[in-house]
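Note sheet for the following structure.
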Amino acid sequence: MKRTGAQIVWETLMREGVEVVFGYPGGANLPIYDAMLDYPVRHVLVRHEQGAAHMADGYARASGRVGVAMATSGPGATNLVTGIATAMMDSSPTVFLTGQVVSKFIGYDAFQETDVTGITLPITKHNYLVTRVEELGDVLREAFYIARTGRPGPVLVDIAKDAQQNSTDWEYSDRPIQLRGYRPNRHPLSRQVEQALEMLSAARKPLILAGRGVLLSGAMRELREFAERAHIPVAVTLLGIGAFPASHPLSLGMMGMHGEAWVNQAIQESDLLLAFGMRFDDRVTGNLKTYAPNARKIHLDIDPAEINKNVRVDLGIVGDLRESLQEFLDHLPQMDHSEWVEHINTLKGESAVRDIQYLPPDGHLYAAHVIHDLWRYTGGNALVVTDVGQHQMWTAQYYRHDQPFQWITSGGLGTMGFGLPAAIGAKIARPDAEVWAVVGDGGFQMTAAELSTAAQEGVKVNVAIINNGFLGMVRQWQEFFYDRRYAATPMRSPDFVKLAEAHGLTGLRVWRREEVFDAIQRARETDGTVVIDFRVEQEDSVYPMVPAGADLHNMIRRPVRNPLVETAQDEM
Amino acid sequence: MRHTLVALVEDKPGVLNRVASLFRRRAFNIESLTVGHTEQPGLSRMTIVVDGDDVAIERLTAYLYKLVNVVHVEDLTHVPAVTRDLAMIKVAAPPETRTQVMQVVDVYRARIVDVTTQSLIIEVTGDEEKIESFVEVLRPLGILEMVRTGLLAMSRGGAPLYPPPNGNGNGHHAAASAD
Ligand SMILES: Cc1ncc(C[n+]2csc(CCOP(=O)(O)OP(=O)(O)O)c2C)c(N)n1
Ligand SMILES: [Mg+2]
């Protein structure tokens, strides 16, 4: 049947199960927008294309399905770039559709022409420029296939306007996609699994490092069974939060720069690291020369390019993590590492609980209080999305997740402005979830215009602004490493309560800890998006901290300022 | 050390850019890169000479495989292989030195492909050492212009480069073991 390129776009999206797209129209994608009205799809009109990209990303992370965002050529496409790079770094399955100028004008600096496939080459898993309508159907199917298989990631399809307008004979086909140069290996090699089991049986201090790969491959149950049967403690990366229940006796918590001190210490003492779907990011390893010096390392990942990239490993097993762990479980014996597990428990002496209790009882509101209380009052069941900065690390430390897919944050790229739009995308993916966006006063202002999108779409997210009047994380580095010279970090903000109200939304302000509960309660009970301006201590820092490039075990700890005050409500 | 890689890539627009861009982005230095058609329709073959230790090259191979259009990669550095470079050299050849130039051409089994009263274009193929020594010998006689293709490489023996069509997907497992 004759179809225009624009119709082929929507028919393919429907076949791919796409229900929502996030986007913004313009001259070069008008045909696609025009055709959209004939298809049962929800379109979320954003206020800036960056918002569309983060929403698609948040949607993908919350649902496991491919998130889709669209923009016009030139400035529309360049506005997507930060969001695409964010999705790339965190392996988020996303498809971006951009309009391009009419094909005969490509290369002539036409109005709103930008070399989008050139710009996005290093920040997409793959990208396409389509100039002929005949190619469009196959390219779109490939785009979705590549985005969601193997190590997921963003795929961009740049579609010339004439390829959207022209017609061709086309029928959707669901024959299997075969790409000569793209055949991800899902199955681990059995002999490597055997070898790994031998190494494991020789280990006395094994440790599992669980990353986002656990969540992406859906290997939570397998991980748990592995840890329990082999009796091995589990540490998670920032993006691995939720891969293993925080309250599980074998759960250690987060590793890395702002990870738990005992976790980093345990890594340094371990004699065998089992890295499951994580990539030894520099924020996780600290100084590579002194990283886990006594440990042999086994690395399981779907992406062969991650094996031996940052850390030289003794054994790399390429495959889908879930399938790999299943293969392990077929042979894994019951083990006992009580001595090691108990030793780590003694390392826990200086714990996060005590860290929160070290906060001076001066009546001030601390971010840690807010997050800790948010965790308690939401029963640990909220879907928490963060922005980037101190509040992100505090949320990672104090909001404990027992369930997977309840934690969304920009890890690899560390993109300020991610929080609010990603939360909107997540809420649209999971309307029944209680969604909290925890953001900083700085990052919130980067994409705060998306409040308007939330209002127009009737999407309810709760926004907790951890308002410290600073670009706090940078201020902290200035405090620690630049002699407290606060260059360009004090930040004045608008009245966030009025800002919410200007959007027809609810705004609340909290100064004292006693008010936290009421505010959270009111937000939960109110229809529509609620913004809470938590006025927290301005010069608080995130502890512990491994300075960039320092040895993992050399952490800066919170200076003890006040005698310990134990309060029942801070028990964790 | 210098490595010679050959990559089979899909013959599609932009693929050369993807590969070149990867080298830049991952901070590898290309010494030479050649691209051309192969016996298989739809596939081009690149010969890439690049500097790096074995670990770096292993990493580079894995990065190349991450490109959706890269079908197969092989490192020919440590296997018996034939390597060839082609140079065209325009040399000054006035009557006084012409015989001398032609003798050198003879010794190296090069060919003269263009003649004027004052100059010659010489074509020479061979491994890099041969070409380099040829250039050194010609240099005092007056090289006016030179161009080289960069290295082509092919492993010796009967086995073709291309893996079976349903072979070990992307050579991933091979790249994965550290031992
Ligand atoms: C787009 C972008 N620009 C700059 C940075 C560098 N940066 C990292 S954290 C941070 C401060 C964030 O301040 P705020 O949003 O108020 O959060 P806080 O650290 O105070 O909790 C900055 C500027 C970044 N991560 N992203
Ligand atoms: Mg701040």
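Since every read-out is calculated from the coordinates, none of them should be taken as a lab result. If you're wondering where the values come from, they're calculated on a predicted model, not measured in any experiment. A quick note on method: Cβ atoms are made from the backbone with ideal geometry, for glycine too, and the neighbour counts reach across all protein chains shown.
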Whole-Hz Karplus couplings 3J(HN,Hα) for the range A:303-316, θ = phi - 60° and coefficients 6.51, -1.76, 1.60, Gly and Pro as x, run 9, x, 6, 7, 5, 6, 6, 9, 10, 6, 10, 7, 8, x
For A:K125, the lysines lying under 22 Å Cα to Cα, once residues fewer than eight places off in the same chain are dropped, come out as A:K309, B:K12, B:K66
Expressed in angstrom and rounded, the centroid-to-centroid distance over alpha carbons for the range A:147-187 and the range A:427-482 is 34
Degrees, to the nearest 10: B:54-66 long Cα axis against longest axis of chain B: 70
Please work out the FRET efficiency for the pair A:F517 and A:Q456, using the Cβ-Cβ distance as r and a Förster radius of 25 Å; give the result to the nearest 0.05. 0.25
Result row for chain A, helices from DSSP H with C-alpha axial extent 20 Å or more and mean Kyte hydropathy at least -1.0, is A:49-63, A:75-89, A:133-148
Give me the number: length gained by fully extending A:H331 to A:A502, i.e. 0.36 nm times residue separation minus the C-alpha to C-alpha distance, one decimal in nm. 55.5 nm
Would you mind pulling out the separation of the Cα centroids of the range A:1-16 and the range A:243-282, in Å? 46
Please give, to one decimal in nm, the separation of the simple spin-label points placed at A:E134 and A:R524, each 7 Å out from Cα toward the Cβ. 6.1
Contact order relative to length for the range A:2-169, counting C-alpha pairs under 8 Å separated by 6 or more residues, stands in percent at 28
Based on the alpha-carbon gyration tensor of the range A:2-169 and its eigenvalue square roots a ≥ b ≥ c, which shape applies: rounded if a/c is under 1.5, prolate if not and a/b is larger than b/c, or oblate? rounded
For a test of the definition: using alpha carbon positions, the gyration tensor, and the 1.5 limit on a/c, classify the range A:353-535 as rounded, prolate or oblate. rounded
Computed label-point distance, nm, for sites A:Y108 and B:N29 using a 7 Å Cα→Cβ extension: 4.2
Multiply the residue separation of A:S493 and A:N310 by 0.36 nm, subtract the distance between their alpha-carbon atoms, and state the gained length in nm to one decimal. 61.9 nm
Give me the Kirkwood hydrodynamic radius of chain B in Å, from all C-alpha pairs, to one decimal place? 18.3
For A:V385, what residues show an amide H to amide H distance below 5 Å, using hydrogens built from the backbone and excluding near sequence neighbours? A:I408, A:W436, A:A437, A:V438
Got the relative contact order for chain B handy, in percent, Cα pairs under 8 Å and 6 or more residues apart? 26
Cross-link candidates for A:K427: which aspartates and glutamates have Cα within less than 15 Å, leaving aside residues fewer than 8 places away along the same chain? A:E19, A:D57, A:E450, A:E457, A:D527
At a Förster radius of 60 Å, what calculated FRET efficiency corresponds to the Cβ-Cβ distance of B:T149 and A:D169, to the nearest 0.05? 0.85
The relative contact order of chain A, taking Cα pairs under 8 Å that sit 6 or more residues apart, comes to a percentage of 14
Interchain or sequence-distant (5+) residues whose placed amide H lies within less than 5 Å of the amide H of B:A93 are B:S119, B:L120
Karplus 3J(HN,Hα) series, Hz, for the range A:156-166 with 6.51 cos²θ - 1.76 cosθ + 1.60 (x for Gly, Pro): 10, 10, 9, 10, 4, 4, 5, 6, 7, 7, 5
Residues of the range A:20-45 with amide nitrogen under 19 Å from the 7 Å Cα-to-Cβ point of A:M14? A:20-22, A:31-44
Read phi for every residue in the range A:411-416 and hand back ³J(HN,Hα) as whole Hz from Karplus 6.51 cos²θ - 1.76 cosθ + 1.60, θ = phi - 60°, with x for Gly and Pro. x, x, 8, x, 8, 5
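Around A:R229, with a cut-off of 11 angstrom between Cβ atoms, what is the net charge of the other residues, counting Lys and Arg +1 and Asp and Glu -1?
With Lys, Arg at +1 and Asp, Glu at -1, the net is -3.
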Per its Cα gyration tensor (rounded if a/c is under 1.5, else prolate when a/b beats b/c, else oblate), chain A is best filed as oblate
For chain A, whose charge dipole is built from +1 on Lys and Arg Cβ atoms and -1 on Asp and Glu Cβ atoms, the candidate among A:G549, A:G58, A:W340 with its Cα farthest towards the positive end is A:G549
Roughly how tilted is helix B:95-107, in degrees to the nearest 10 and between 0 and 90, from the longest Cα axis of chain B? 40
Could you list which residues have their amide H under 5 Å from that of B:H72, counting only those 5 or more apart in sequence or on another chain, with H placed in the peptide plane? B:L8
Where a Cα-Cα gap under 23 Å defines reach, which lysines qualify for A:K205, not counting those fewer than 8 residues away within the same chain? A:K289, A:K297, A:K348
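State to the nearest 20 debye the size of the charge dipole of the range A:190-348 about its Cα centre, where the only charges are +1 on K and R beta carbons and -1 on D and E beta carbons.
400
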